[in-house]
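These notes are about the structure you will find just below.
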Amino acid sequence: MPYLIRFMIRHFSLGFALGLTVVGLMIWHDVLNLGRLFDGKDTLGALALFCGLMGLTFGSVQMAVAVMTAEDPGVAPVREPGPAEAARMKEVRDRRAQKPPRRG
């Protein structure tokens, strides 16, 4: 699997787990009477929907933050580029430096 796909899945999963943790804490501490609301036996669907939506929200936010705080958009933020990638990046930078600037 490509690195960036794994990067996105990993950060989305982390945010989803954080969302489920927040839901659990909200129910445990009975914030806004959620503990009593989800206490009945007919509320399993509503609880699943609430957990899913909170997980989706937190997962999306975590994924967006991870992408926007990445160090370099062309290079994966966790590892250093290998020798072949570094050489390719140097060639691209050199070509861009040799091009005359566009005139508006």
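The values are calculated or read from the model by the stated rules, or taken from the named source; none is laboratory data. Because the structure is a prediction, the values reported are computed rather than measured. Reconstructed Cβ throughout: ideal geometry from the backbone, glycine too, with neighbour counts over all protein chains shown.
Annotations
- From Gly82, Gly24, Gly74, residue being of a type outside the set (Lys, Arg) and modelled with pLDDT of 90 or more: Gly24
- For region 25-63, the set of residues classified as part of a helix (DSSP H, G or I), surrounded by 14 or more Cβ atoms within 10 Å (Cβ to Cβ) and without any contact (Cβ under 8 Å) to a residue 40 or more places away in the chain consists of Met26, Ile27, Leu34, Leu37, Leu47, Phe50, Cys51, Gly52, Met54, Thr57, listed by residue number.
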